[in-house]
Amino acid sequence: MTSTIAQNIGMKKGAITVNMRYPTRKASSRVNMYSHFIGRGPRDRIFLISPSLPSIIIFRQITRGFVTYNCPIKEEFFVGTKAVALLSGGLDSTLAVKMMIDQGIEVHALNFTSGFCTCNHGGKDGGGCRSESKRVAEEFGIPLKVIMKGMDYIELVRSPKHGYGKGMNPCVDCRIFMFIQAKKYMHEIGASFIITGEVLGQRPMSQRKDAFRVIERESGLEGLILRPLSAKQLEPTIPEKEGLVDREKLLDVLGRSRRQQIDLAEELDVNNYPCPSGGCLLTDKIFSKKVRDLLTNKKDVTKKDLALLKSGRHFRHKGAKVILGRDEADNAVLKKMTQEGDIFIEPVGFPGPAAIISGGGGPEFREYAGSLIVKYALEKAGALRTLRAVCGEETLDYEVAGPASEELIEETRVC
Ligand code: SF4
């Protein structure tokens, strides 16, 4: 009778052969039983073992073995499957989340933001991707946690173990960094695995099979990162093998074309994805010059240093850094972002860019910055020009004879 009920509800005989330790008995015995996998906690796999008397068996995975607990329960219960999703708010991660929600997975989104994000729309601090992920999370009704990559991430960018891509983008290390945080969150909320919108072959550095393996190994997540868009191009993950996710409903997207994703977006009714591929300024070769210059020349990088990378023309002269505004908005940013020890310089009586000198305070540096201001000033003239240098409480008006030479600009310009 029991076996008929068991078979009817999809339980499998022999699926578990374990050493049972009954709470009331010291002795262990090896048993074959009917079992039905019903969920997974952060460290446990939970099976229903009796169709008539609700009791569960929890497999606690310690290294490669199992310790088994048998605990009768009185009430019926349901253990849903949770997953943590890395959600940028771009098309791919949005689709990955939607595919999991459609499979009944309880998705908890995680968004990473940094000063190197390209999207500037929507966020007070330029965190556009954060706004996009918020919008997607709200639309799907799922919780979202935002993590700002802090100064430890800057150190990772300074010297990544796995090197850079075409710019200063340390993609492999960056993914490991994010997955380690995601793993902590996974354990915190009792999720069973992690999903991402990664597509095999879409990005040359971090979205290759060998890179996936390295990332999974070094983040301690082997078999626990599911990439729903490319899953059928990859080995089945633990959640697929355990039946938490239906592999048949996953995709086999490969490469850089976004055709399949766009079709799927229509099919799943996913709209408004203004930041389709996500954006990272570290992949930009020009921006990377400024990052490299900063990280090479300054040990204790500040948030303002990072923010200033997005403004102005950057120069490096005899160890000092000069940033020159390109327009009024830049000039205002420079004034606001001037840090202790920096010198803020602006033109007096003529229209032109403002500048910050960082790391050099003598007349030579003021002269150099002034000559740049004159060079890029709107009014061209060979006469003496007056500039005002402000450092803390001190203000000094001084004159420069003329613009910087082309050779000097060429030699000292970072970007
Ligand atoms: S593109 Fe930027 S954010 Fe994305 S993995 Fe590479 S370094 Fe990290």
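The values are calculated or read from the model by the stated rules, or taken from the named source; none is laboratory data. Every value quoted in this text rests on a predicted model; they were computed, and no experiment measured them. All Cβ positions, even for glycine, are placed from backbone atoms using ideal geometry, and neighbour counts span all protein chains on display.
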Practice prompt. Identify all residues within region 154-169 that are crowded, with 19+ Cβ neighbours inside 10 Å and under 17 Å from residue 113 (Cβ atoms); write none if there are none.
Written response: 154, 157, 169
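Is it true that residue 347 is at pLDDT 95 or above, in a loop (DSSP other than H, G, I, E, B) and surrounded by 15 or more Cβ atoms within 10 Å (Cβ to Cβ)? Before the answer, list the steps.
On the way: at pLDDT 95 or above: yes; in a loop (DSSP other than H, G, I, E, B): no; surrounded by 15 or more Cβ atoms within 10 Å (Cβ to Cβ): yes.
For residue 347, the condition - at pLDDT 95 or above, in a loop (DSSP other than H, G, I, E, B) and surrounded by 15 or more Cβ atoms within 10 Å (Cβ to Cβ) - is not met.
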Worksheet, complete the sentence: Within region 173-192, restricting to residues that are in contact with a Ser or Thr (Cβ under 7 Å, 6 or more places away or on another chain) and modelled with pLDDT of 95 or more, the one that is surrounded by the fewest Cβ atoms within 10 Å (Cβ to Cβ) is 180
Discussion item. I'd like to check something: does region 242-257 contain any residue that is closer than 25 Å to residue 208 by Cβ, in contact with a helix residue (DSSP H, G or I) (Cβ under 8 Å, 6 or more places away or on another chain) and exposed (fewer than 15 other Cβ atoms within 10 Å of the Cβ)?
Written reply: yes
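Any residue that is within 16 Å of the ligand (Cβ to nearest atom), out of contact with any strand residue (DSSP E or B) (no Cβ under 7 Å at 6 or more places or on another chain) and of a type outside the set (A, V, I, L, M) - is there at least one of those in region 181-193?
At the first step, the residues of region 181-193 found to be within 16 Å of the ligand (Cβ to nearest atom) are 181-182.
Subsequent filtering for residues that are out of contact with any strand residue (DSSP E or B) (no Cβ under 7 Å at 6 or more places or on another chain) retains none.
The answer is no, given that none of the residues of region 181-193 is within 16 Å of the ligand (Cβ to nearest atom), out of contact with any strand residue (DSSP E or B) (no Cβ under 7 Å at 6 or more places or on another chain) and of a type outside the set (A, V, I, L, M).
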Worksheet item: When the residues of region 217-237 are filtered to those that are touching a Leu at 6+ places or on another chain (Cβ under 8 Å) and free of Cβ contacts under 8 Å to residues at least 24 places away in the same chain, which remaining residue is surrounded by the most Cβ atoms within 10 Å (Cβ to Cβ)?
Response: 231
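Test residue 167 against the criterion of being at pLDDT 90 or above, within 13 Å of the ligand (Cβ to nearest atom) and at positive phi, and give yes or no.
On the way: at pLDDT 90 or above: yes; within 13 Å of the ligand (Cβ to nearest atom): yes; at positive phi: no.
No; evaluated as a whole, the condition is false for this residue.
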Fill in: Where residue 379 falls short, out of the listed (1) touching a Leu at 6+ places or on another chain (Cβ under 7 Å); (2) under 25 Å from residue 328 (Cβ atoms)
(1)
Practice prompt. Take residue 206 and decide whether it is closer than 20 Å to residue 91 by Cα and assigned by TED's automatic domain parsing to the domain that holds residue 243.
Written response: yes
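Residue-by-condition table, conditions (1) among the aliphatic types (A, V, I, L, M); (2) over 30 Å from residue 414 (Cα atoms):
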residue	(1), (2)
204	no, no
208	no, yes
221	yes, yes
230	no, yes
246	no, yes
256	no, yes
265	yes, yes
283	no, no
293	no, no
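Rundown of residues vs (1) β-branched (Val, Ile, Thr); (2) exposed (fewer than 14 other Cβ atoms within 10 Å of the Cβ); (3) over 42 Å from the mean Cα position of the chain (by Cα), yes/no style:
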{"site": "341", "(1), (2), (3)": "no, yes, no"}
{"site": "358", "(1), (2), (3)": "no, no, no"}
{"site": "362", "(1), (2), (3)": "no, yes, no"}
{"site": "370", "(1), (2), (3)": "no, no, no"}
{"site": "376", "(1), (2), (3)": "no, no, no"}
{"site": "392", "(1), (2), (3)": "no, yes, no"}
{"site": "398", "(1), (2), (3)": "no, no, yes"}
{"site": "405", "(1), (2), (3)": "no, yes, yes"}
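Determine whether region 215-229 contains at least one residue that is in a helix (DSSP H, G or I), touching a Pro at 6+ places or on another chain (Cβ under 7 Å) and within 13 Å of the ligand (Cβ to nearest atom).
Step one: list which residues in region 215-229 are in a helix (DSSP H, G or I), which gives 215-218.
Going one step further and asking which of them are touching a Pro at 6+ places or on another chain (Cβ under 7 Å), we end up with none.
No: zero hits.
Test residue 203 against the stated conditions and say whether it is within 16 Å of the ligand (Cβ to nearest atom), part of a loop (DSSP other than H, G, I, E, B) and either of a type outside the set (Val, Ile, Thr) or modelled with pLDDT of 95 or more (or both). Let's see the steps before the verdict.
On the way: within 16 Å of the ligand (Cβ to nearest atom): yes; part of a loop (DSSP other than H, G, I, E, B): yes; either of a type outside the set (Val, Ile, Thr) or modelled with pLDDT of 95 or more (or both): yes.
It is true that residue 203 is within 16 Å of the ligand (Cβ to nearest atom), part of a loop (DSSP other than H, G, I, E, B) and either of a type outside the set (Val, Ile, Thr) or modelled with pLDDT of 95 or more (or both).
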Worksheet item: Quick one: which helices (runs of 4 or more DSSP H) sit completely within region 259-315 and have at least 1 residues that are within 16 Å of the ligand (Cβ to nearest atom)?
Response: 285-297, 303-308
Item to complete: Kindly list, by first and then second residue, each pair from a residue in region 164-183 that is within 11 Å of residue 219 (Cβ to Cβ) and part of a helix (DSSP H, G or I) to a residue that is of a type in the set (S, T, N, Q) and near the ligand (Cβ under 10 Å from one of its atoms), limited to pairs with Cβ atoms under 6 Å and residues at least 6 apart or on different chains.
Response: 172/206; 175/206
Item to complete: All but one of (1) in contact (Cβ under 8 Å) with a residue 24 or more places away in the chain; (2) assigned to a helix (DSSP H, G or I) hold for residue 410, so report the exception by its number.
Response: (1)
Discussion item. What's the number of the only condition in (1) assigned to a loop (DSSP other than H, G, I, E, B); (2) in contact with a strand residue (DSSP E or B) (Cβ under 9 Å, 6 or more places away or on another chain); (3) not basic (Lys, Arg) that residue 147 fails to meet?
Written reply: (1)
